[in-house]
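Heads up: the structure comes next, in structure tokens.
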């Protein structure tokens with residue numbers, strides 16, 4: 001699969017309204033989607049709303065709509081708090097997410113994936 005936007009390894013708490021526990025943590029992100037680690041799982045194709053705080057340190061909440069494109073075990077935490085990984089593709093490109101990711105990279109809190 002060809003990447004159309006730069007992806008960043010970044011650990012950010014997010015709200016996912018459709019998850020039983022309502023929260024997840026981003027594993028990596030771009031302006032087109034996110035890989036989340038989660039305590040529960042949704043089915044591929046499920047519509048989701050992710051609530052991000054942009055910028056993360058006290059910014060405004062931003063609701064981003066998307067759908068689940070992949071679900072897999074989180075091999076880094078199979079018996080822990082976040083046993084699932086869930087890839088979400090946003091319905092629309094979200095340019096402010098890329099700006100926030102670049103700012104976090106400049107501060108050393110995110111790493112651009114090669």
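Quick note: the coordinates plus some simple rules give every number you see, no bench work behind them. Fair warning: this is a prediction, and the values are worked out from it, not measured in the lab. Here the Cβ positions follow ideal geometry from the backbone for every residue, glycine too, while neighbour counts run over all protein chains shown.
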- prompt: Counting alpha carbon pairs within less than 8 Å and at least 6 residues apart, what relative contact order, in whole percent, applies to the chain?
  reply: 28
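What length, rounded to one decimal in nm, is gained on full extension from residue 15 through to residue 63, with 0.36 nm per residue of separation minus their alpha-carbon distance? All intermediate terms of the calculation are to be shown ahead of the outcome.
On the way: separation 48, 0.36 × 48 = 17.28 nm, distance 0.93 nm.
Residue separation times 0.36 nm, minus the Cα-Cα distance, leaves 16.4 nm.
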- request: Specify the inter-centroid distance of the stretch 1-61 and the stretch 87-114, based on alpha-carbon positions, in whole Å.
  value: 11
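For the stretch 72-114, rounded, prolate or oblate, judged on the Cα gyration tensor with a ≥ b ≥ c (square roots of eigenvalues), a/c < 1.5 rounded, else prolate if a/b > b/c?
Working: a/c = 3.08, a/b = 1.56, b/c = 1.97.
Verdict is oblate for the stretch 72-114.
Could you rank the peptides 35-43, 10-18, 57-65 by their average count of other C-beta atoms within 10 Å per residue, with the highest value first?
Working: 35-43: 18.1, 10-18: 16.3, 57-65: 11.3.
So the order, starting with the most tightly packed, is 35-43, 10-18, 57-65.
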message: Modelling each spin label as a point 7 Å along the Cα-to-Cβ direction, I'd like the residue 23/residue 81 distance in nm, to one decimal.
response: 0.7
- prompt: Using only the Cα atoms of the chain, what do you get for the radius of gyration and for Dmax, in Å?
  reply: 13.1, 35
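Hey, what number do you get for the chain at 222 nm if only DSSP H runs of n ≥ 4 count, each worth -39500 (n - 2.57), divided across all residues, to the nearest 500? If you can, show how the numbers build up before the last one.
Numbers: 1 runs with 12 residues, N = 114.
After summing the helix terms and dividing by residue count, I get -3500 deg cm²/dmol.
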query: Hey, quick one: spin label on residue 112, modelled 7 Å out along Cα-Cβ, who in the stretch 82-106 has an amide N within reach, i.e. under 19 Å?
result: 94-106
- line: Stretched fully, the stretch from residue 44 through residue 71 gains (0.36 nm per residue minus C-alpha distance, one decimal, in nm) 9.0 nm
message: Given axes a ≥ b ≥ c from the Cα gyration tensor, I'd like to know whether the stretch 46-108 is rounded (a/c under 1.5), prolate (a/b larger than b/c) or oblate.
response: oblate
